[in-house]
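Heads up, the thing below is written out as structure tokens.
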Ligand SMILES: [Zn+2]
């Protein structure tokens, strides 16, 4: 990693996910999968309009791995690392090919349920694929948009948590947001939105990113046991949608072969769409192409 890149990341650290951090998360943690919101009957709007692939009711994808299994397995293990880059977190694609994965978070909550249609319109016009990390609350607030995006093969839907909480087994916080307190709450945060997406898409998501992108090394093991891979980023594209368009463009142009860029798709008044629109043609002109996380050029490397 170059100095300039490190400087950029360091500069963005304090505000890296401010667009997410300002959004509420639950004041009352909910116990267990039974309390997970988002069963079909709980959806806002027209329930039938949300069914994307399968109208059946798939079995919970947590399968044989239960909340209690995770508590027994990890309840006594203390984490040794906390942040956005800890063991178990993927931040780049393992390739030297000139490919970049654009990822966009939709964090949900009272100040985070917006939709940057200019951004997705641009991606569609130019055939630029992207991975969209969607929070459960954002999906509930945007059922028609969710359907529209989830049925577009250009986009891949990933898990951005149930309540947008930093993923901790010990109650660590990030940007003032208290994380999950224990193994059971980690399970709830991951499995809640995972089960929702499984019901809506007909298959479980393959990738997870926590609210604020912070997690500890025990939590990442729990996510892996639930069949998902934690993917963060090496390029902070919009600092939680606080960057100006020029700042977004400058940041995205630091991408290298295999970079994973994080941006936000829930703040249409931010500079993300305009900055991305300026950066993409310059990157493609330099020989880069864009991939979804599961399109990793090394077969199966991020599956
Ligand atoms: Zn977020």
Only one of 158, 174 is touching a strand residue (DSSP E or B) at 6+ places or on another chain (Cβ under 8 Å) and surrounded by 24 or more Cβ atoms within 10 Å (Cβ to Cβ), namely 158
Check on residue 263, at pLDDT 95 or above, closer than 18 Å to residue 104 by Cβ and more than 14 Å from the chain's Cα centre (by Cα)
no
Go through (1) part of a loop (DSSP other than H, G, I, E, B); (2) surrounded by fewer than 24 Cβ atoms within 10 Å (Cβ to Cβ) and name the single condition residue 205 misses.
(2)
Pull up the range 229-270, narrow it to residues that are within 16 Å of the ligand (Cβ to nearest atom) and within 30 Å of residue 66 (Cβ to Cβ), then point me to the one that is surrounded by the fewest Cβ atoms within 10 Å (Cβ to Cβ).
232
With the range 106-183 as the region, which helices (runs of 4 or more DSSP H) entirely inside it contain at least 3 residues that are more than 15 Å from the ligand (Cβ to nearest atom) and either more than 16 Å from the chain's Cα centre (by Cα) or modelled with pLDDT of 95 or more (or both)?
117-125, 143-150
If I ask for residues that are closer than 20 Å to residue 130 by Cβ and either away from the ligand (no atom under 16 Å from the Cβ) or within 11 Å of the chain's Cα centre (by Cα) (or both), which ones from the range 195-214 would you list?
200, 201, 203, 204, 205, 206, 207, 208, 209, 210, 211, 213
I'd like to know if the range 184-192 contains one or more residues that are surrounded by fewer than 21 Cβ atoms within 10 Å (Cβ to Cβ) and either assigned to a loop (DSSP other than H, G, I, E, B) or within 12 Å of the ligand (Cβ to nearest atom) (or both).
no
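The values are calculated or read from the model by the stated rules, or taken from the named source; none is laboratory data. In this text the structure is predicted, and so the values were computed from the model without any measurement. Methodologically, a virtual Cβ is constructed for each residue, glycine included, from the backbone with ideal geometry; neighbour enumeration extends over all protein chains shown.
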